[in-house]
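Heads up: the structure comes next, in structure tokens.
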Amino acid sequence: MKMIQGRFRAAVFMGAATLVLAFATGAQAQNPDSNNNTWPYATTGRSAPVLAVVGDVACQPGEEESGEKAGENCVGDTAQNLLASQAATAKQIENMKPDAVALVGDEQYQVGQYSDFENGYELTYGAFKMITRPAPGNHEFYTEHGAVGVAGYGYFSYFNGVQHNPDGTQLTATISGNPDTGGTFTQPVPFSDGQAGHFEQTGGLGTNTAGGPVGVGDGWYSYNLGSWHLISLNIECETQPGGCSNSGTWFAAELEWLKKDLEANHSACTLAYWHQPTFSPTNGIAIPEGPTAVSFWQLLYQYGADLVLNGHDHLYGRYRPLDPSGNFDPKKGIREFVVGTGGETLDPIVRTTVKSGSAETNMEDPSGNVNFNAENLEAGTGQFWGVMGLTLNLNGYAWDFESALKDPAQPTGPATFSDKGVGTCHGPANRF
């Protein structure tokens, strides 16, 4: 699935996913034509569609993986906080009744196994699966903290569906050969195309139970919503063929696809979303994905895109419009929102001057401006979990981030947080 024209395609699956609409307290099946509950089967009566934006959501069920940061799973002293936070943001989406949900990565911690999606993410955000348009994060591909990654298999299997052998058993793949650590994970093999975008069945590490090679998740796609063109991208390039180089086979293919998608786009407004931000409110650009994402920004800037949405930093942040080098550009600049506030432990906003050292690898913007956040970050918080509602107007947008729950580990400061505003679109660079 590279482009979804017109209305969303939706598939209804029976079984464990039948709880998807039961998450809302007291929800009942209703006639789609009823005035009492049209969502999500019919229009809400709004003049413009609303996109719910959030990432960094579901804690890991069970025990921590070896070597993981303490306190980010669903058991232990902080478990109640993490379970409560992801439930609170899910309830916020339910109350918002959006037309679509844009997930900006790290849907499931810690290594995004299929069983974790089923026993973690599904229990809250599974309620919105039919209207969800995801992008993957590093925890879906994962190469850090001593845990072997699952190469996106859990993510693609959850959103695209699982293949089966002729005898009805799941077709599985053994994921091994991680460049950082030893060890393996056995995961279901996803279908090639579906809600998470395309999954190439060959070219990856290891073998499946049928004796064939495991695949490589592409996962980039685009769709239209109202007058807007939306693009979901995959920046998890580190362990893909060719790595994060613009000339590497995997990332070069994504850049070529993005260029063609933008060339064919004549929508009034355009936004793109992926996981690791190009500009970080934590002053901690992810290496190598953050600098690599500048290539996305350059193409988006060239073709007149309006917004970029990211996660990874566990906070909310809004920047003024910027060019690919991080310079303020009120005429053509792209505004970045970071909304990594879905449920996982929160990060602090950093506006102070960065002091570079001899081993410095995390600069806060591509030009190395040590005062970048102080000059360009317009609003932000690292104290609250919440969801941003983005109203996609005909020639502009309105954002509304509202806190759902305050971090009990940060008792000082305001009890709630809100950030609202409006902006106008540039119009496409390639007009008719």
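The values are calculated or read from the model by the stated rules, or taken from the named source; none is laboratory data. No experiment lies behind these values; they were computed from the predicted model shown. Cβ: placed from backbone, ideal geometry, glycine included. Neighbour counts: every protein chain shown. What goes into the accessible areas is simple: the full protein's heavy atoms, side chains included, and nothing from ligands, DNA or RNA. Shrake-Rupley method; radii C 1.70, N 1.55, O 1.52, S 1.80 Å.
Below, the figures for the structure above:
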quantity: Search result, residues across segment 380-432 that are open to solvent by 40 Å² or more (accessible area, probe 1.4 Å), under 28 Å from LYS331 (Cβ atoms) and assigned to a loop (DSSP other than H, G, I, E, B); calculated: ASN393, LEU394, ASN395, HIS426, ALA429, ARG431, PHE432
quantity: Subset of segment 262-320 [part of a strand (DSSP E or B) and either within 20 Å of TYR221 (Cα to Cα) or of a type in the set (Lys, Arg) (or both)]; calculated: CYS269, THR270, LEU271, ALA272, TYR273, LEU307, VAL308, LEU309, ASN310, ARG318
quantity: All positions within segment 79-96 that are surrounded by fewer than 22 Cβ atoms within 10 Å (Cβ to Cβ) and modelled with pLDDT of 95 or more; calculated: ALA87, ALA88, LYS91, GLN92, GLU94, ASN95, MET96
quantity: LEU262 in contact (Cβ under 8 Å) with a residue 24 or more places away in the chain, over 28 Å from GLY386 (Cβ atoms) and open to solvent by less than 10 Å² (accessible area, probe 1.4 Å); calculated: yes
quantity: Subset of segment 321-333 [open to solvent by 60 Å² or more (accessible area, probe 1.4 Å) and of a type in the set (D, E, K, R)]; calculated: LYS331, LYS332
quantity: Verdict on GLN240 being more than 18 Å from the chain's Cα centre (by Cα) and surrounded by fewer than 18 Cβ atoms within 10 Å (Cβ to Cβ); calculated: no
quantity: Condition check for ASP347: in contact with a Gly (Cβ under 8 Å, 6 or more places away or on another chain) and free of Cβ contacts under 8 Å to residues at least 40 places away in the same chain; calculated: no
quantity: Failed condition for GLY219, given (1) in contact (Cβ under 8 Å) with a residue 40 or more places away in the chain; (2) at positive phi; (3) open to solvent by 10 Å² or more (accessible area, probe 1.4 Å); calculated: (3)
quantity: Count - residues of segment 234-262 that are of a type in the set (Gly, Ala, Ser) and touching a Cys at 6+ places or on another chain (Cβ under 9 Å); calculated: 3
quantity: Candidate set: segment 202-216, residues that are more than 15 Å from GLN170 (Cα to Cα) and open to solvent by 50 Å² or more (accessible area, probe 1.4 Å); chosen: the one modelled with the highest pLDDT; calculated: THR202
quantity: Pair list, Cβ < 7 Å and 6+ apart or interchain, from segment 51-71 residues that are under 24 Å from THR184 (Cα atoms) and hydroxyl-bearing (Ser, Thr, Tyr) to residues that are at pLDDT below 95 and surrounded by 13 or more Cβ atoms within 10 Å (Cβ to Cβ); calculated: SER66/ALA147
quantity: Residue list for segment 244-259, filter: surrounded by fewer than 16 Cβ atoms within 10 Å (Cβ to Cβ) and in a loop (DSSP other than H, G, I, E, B); calculated: SER245, ASN246, SER247
quantity: Failed condition for GLY177, given (1) in a loop (DSSP other than H, G, I, E, B); (2) at pLDDT 90 or above; (3) touching a strand residue (DSSP E or B) at 6+ places or on another chain (Cβ under 6 Å); calculated: (2)
quantity: Top-ranked residue of segment 49-72 - restricted to ones that are in contact with a helix residue (DSSP H, G or I) (Cβ under 9 Å, 6 or more places away or on another chain) and either among the basic types (Lys, Arg) or open to solvent by 10 Å² or more (accessible area, probe 1.4 Å) (or both), ranked as modelled with the highest pLDDT; calculated: VAL50
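The rows are residues; the columns are (1) crowded, with 24+ Cβ neighbours inside 10 Å; (2) modelled with pLDDT under 95; (3) more than 19 Å from VAL54 (Cβ to Cβ).
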{"residue": "PHE279", "(1), (2), (3)": "yes, yes, no"}
{"residue": "THR282", "(1), (2), (3)": "no, yes, no"}
{"residue": "VAL294", "(1), (2), (3)": "no, yes, yes"}
{"residue": "GLN298", "(1), (2), (3)": "no, no, yes"}
{"residue": "LEU307", "(1), (2), (3)": "yes, no, no"}
{"residue": "GLY311", "(1), (2), (3)": "yes, no, no"}
{"residue": "GLY317", "(1), (2), (3)": "yes, no, no"}
{"residue": "ARG335", "(1), (2), (3)": "no, no, no"}
{"residue": "THR341", "(1), (2), (3)": "yes, no, no"}
